[in-house]
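The values are calculated or read from the model by the stated rules, or taken from the named source; none is laboratory data. Note that the structure is predicted; figures quoted are calculated from it, not measured. Here the Cβ is made from the backbone with ideal geometry for all residues, glycine too, and neighbour counts use every protein chain on show. Surface areas here come from the heavy atoms of the whole protein model, side chains and all, with no ligands, DNA or RNA. Shrake-Rupley method; radii C 1.70, N 1.55, O 1.52, S 1.80 Å.
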Amino acid sequence: MPSVTSPTSRRILLAAVVAAATAIVPLTTTPAAADSSGVRQQQYAAAAAEYGVPESVLLGVSYLQSRWDTNAGTPSTSGGYGPMHLTDAAYVVSLPGGNHHDDDEDPRGDDSRPARKVDSGGDTPPAGSLQTLDAAAILTGSSEQALRGEPTANIRGGAALLASYQRELAGPTGSASDPAAWYGAVARYAGADSADAAAAFANEVYRTIRDGVARTTDDGQRVTLAPHADLVPVTSWLDKLGLRKLARPDGLECPDDISCEWIPAPYQDLGGGDYGNHDRSDRPGRQKIEYIVIHDTEGSYAGTVRMVQDPTYVSWNYTLRSVDGHIAQHVKSKDVAWHAGNWYVNAKAIGLEHEGFAAQGTWYTEAMYRTSAKLVRHLATRLGIPMDRNHIIGHDNVPGTVAANVRGMHWDPGPYWDWDHYFELMKAPEINTGTHRTGLVRIEPDFATNRPAFTGCVTAGVPCPSRGSSAVILRSAPSQDAPLVNDIALRPDGTPNTMHISDYGARASTGQTYAVADRQGDWTAIWYLGQKAWFHNPADAPTGKWTVGLVATPKPGKATIPVYGRAYPEEAAYPAGVPYQAISPLQYTLSAGQRYAVGNVLPSEYYRSSTFDGSTPGDWTVIRGEKRYVQIQFGHRIMFVDRADVDLLPSAVGAPR
């Protein structure tokens, strides 16, 4: 949810985390070279032997928490540290710098109604499961600082916790014991408060153990979990945990194999013509759903769920918990939640809030990535939404509705969300049939080694920890010394954008597709916000993949054409009694000779909903016009142009050679 113009609301939980982490783990500007010595593998083996845990179980649990990464000693979105995700919310909250700020964006994004600005009032993390680091310190004798920042100590701490859980369940112990009998201890490790969530976490761990996995961690360590294809966990151990069982009502819009519950957002008449906290509709029958919008909560799961139950607040369709991937649904897909800051997008979108903090550079657990990917695949398949970055978008890809709103739009989930891994988990298709002559490039940096030098995760001007990113930096010339490109909406004076973590105006993100404008040596230029923007794209380590598709370019005779943040109908389409919503261009223009990748061709639509009971003339109807729009990848955000203003061409036609 964070905006570009303020440090963001609900930042109590992880404020100043990065600054604290840098005192524990030295920062580097480049990732470590791959280490074939097997040091990290030996650390897992030694911890498993020391505490009597099957090594496969220890590796499987760690993978589902962190994918074995150290994450530069910074905590996860739920306050967890290191490869074993030892949680220490009390320490995180004690750090200096916590404050909150009012949001600048109107999440409803409908300027036909008074702005619904929100102030979260801060956030407090839940207790209990978020303090496993304390228990690990007692069990191992290691200091809390070592458990937060040293991989060896952290892995020992995780092994000790698993062993203690197994002893409490009176299960078999020892590193040679049957991994199948550790299901209860694995389920408890998630810290889940329900049997459904604990089981979903344990099932994913055992699926990982059965399938096996190998990867190089973010600090260069090669780790392998050999497949155990015949392993069948003894799930009855879960019953000994005594966790509550969630009700799963009919109509819950989640796949069956993830933990999900219904916590409704209230639809309530507040008097005086006001109501909250979402709008009634009948999608997709009334209006096609085109987008799934990925957010992070900028606060804890518990605090976020409390807020969405406030009728005076705003809403989203789902909240996802970091520690175990559990999901709460709040608004049915047929209704319109208030989350993306753009009414046109909201009316055609489903919003997912992930427990997380974009600004501090914290990381997202594998458990949450997996359940989110399953949910998005489920929704996309059921609703006919293509699984690509034209339709599965971040809040940071949603355009402002009018020029005055562009600067205040939010930028979550931020440059540390791993889009490539997310789409792999979704099993989304890719088109990789192009060459540099086909005219389009899809941004695809290697997440682990792509480490832009962002600043300001906690303090302005201070470097953020070196960490993998989905963002590619765009420059005004093909040189690492060239200034970044300018986003005129963020910097009207024409000065270059910056490397501040919230300054998205000179970035492209994994999966986004752009029209190629030029090539020079190891550099590729794309058309971006009305200018050529260059990114480093060497053949031996490419950060983009050539692809094919359609491009939009101004029709002959048009020197420039306007660009819009919403695809509203012409005035003649509005029935009597329904106020016309002006077709208001943004501050950008698209000039002759420029080309932009086409994401969709859309009808002009405005969903009219302004009263609680739908009694106002025209309410609860979709107004459609003759005008049509083309969705283009114009900058970091998607935008729209009038179909009558552009020609649509195969990307290879007129592409630079």
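Structure notes:
- The Cα atoms of segment 284-372 define a convex hull whose projected area, averaged across directions, is 6.0 nm².
- Counting only Cα atoms, segment 477-572 measures 54, 33, 26 Å along its principal axes, largest extent leading.
- Label point distance in nm, residue 481-residue 168, each placed 7 Å from Cα along Cα→Cβ: 6.0
- Difference of contour (0.36 nm per residue) and Cα-Cα distance, residue 495 to residue 46: 156.2 nm
- Cα Rg over Rh - segment 195-286, Kirkwood: 1.19
- For segment 575-617, the fraction of alpha-carbon pairs in successive 5 Å shells from zero, as %: 5, 13, 15, 19, 16, 10, 10, 8, 4, 1
- Gyration tensor (alpha-carbon) shape descriptor, segment 441-485, a/c threshold 1.5: oblate
- Segment 300-347: translational diffusion in µm²/s, Stokes-Einstein, Kirkwood Rh over Cα pairs, 37 °C, 0.692 mPa s: 286
- Using a Förster distance of 56 Å, the FRET efficiency for residue 572-residue 138 (Cβ separation, nearest 0.05): 0.15
- Expected-Rg normalisation [2.2 N^0.38 Å, Cα atoms] applied to the chain: 0.96
- Total formal charge among the other residues, if their Cβ is under 12 angstrom from that of residue 135, Lys/Arg +1 and Asp/Glu -1: -3
- Distance histogram for segment 132-183 (every C-alpha pair counted, 10 angstrom bins, percent rounded to whole numbers): 27, 44, 27, 2
- Reported value for segment 396-541: 133 Å³ per residue, from the convex hull of its C-alpha atoms.
- If R0 equals 30 Å, the separation of the Cβ atoms of residue 657 and residue 600 corresponds to a calculated FRET efficiency of about 0.60.
- Relative contact order (percent, whole number), segment 201-250, Cα cutoff 8 Å, 6+ residue spacing: 29
- Remark: for residue pairs 348/427; 245/332; 288/532; 240/334, the C-alpha separation exceeds 32 Å in 288/532; 240/334.
- Annotation: for a label point projected 7 angstrom from Cα along Cα→Cβ of residue 210, no residues of segment 360-383 have a backbone N closer than 12 Å.
- Label-point gap, in nm, between residue 518 and residue 232 - each point 7 angstrom along Cα→Cβ: 6.5
- Kirkwood analysis of the Cα pair distances in segment 352-476 returns a hydrodynamic radius of 16.4 Å.
- Two-site FRET efficiency, residue 460 against residue 115, from Cβ-Cβ distance with R₀ of 35 Å, rounded to 0.05: 0.80
- Within the accessible area of the chain, the carbon and sulfur atoms contribute 53%, probe 1.4 Å, all protein chains present.
- The listed residues 440, 252, 550 rank as 550, 252, 440 when sorted by accessible area, largest first, using a 1.4 Å probe.
- A full extension of the chain between residue 256 and residue 403 corresponds to an added length of 48.6 nm, given 0.36 nm per residue minus the alpha carbon distance.
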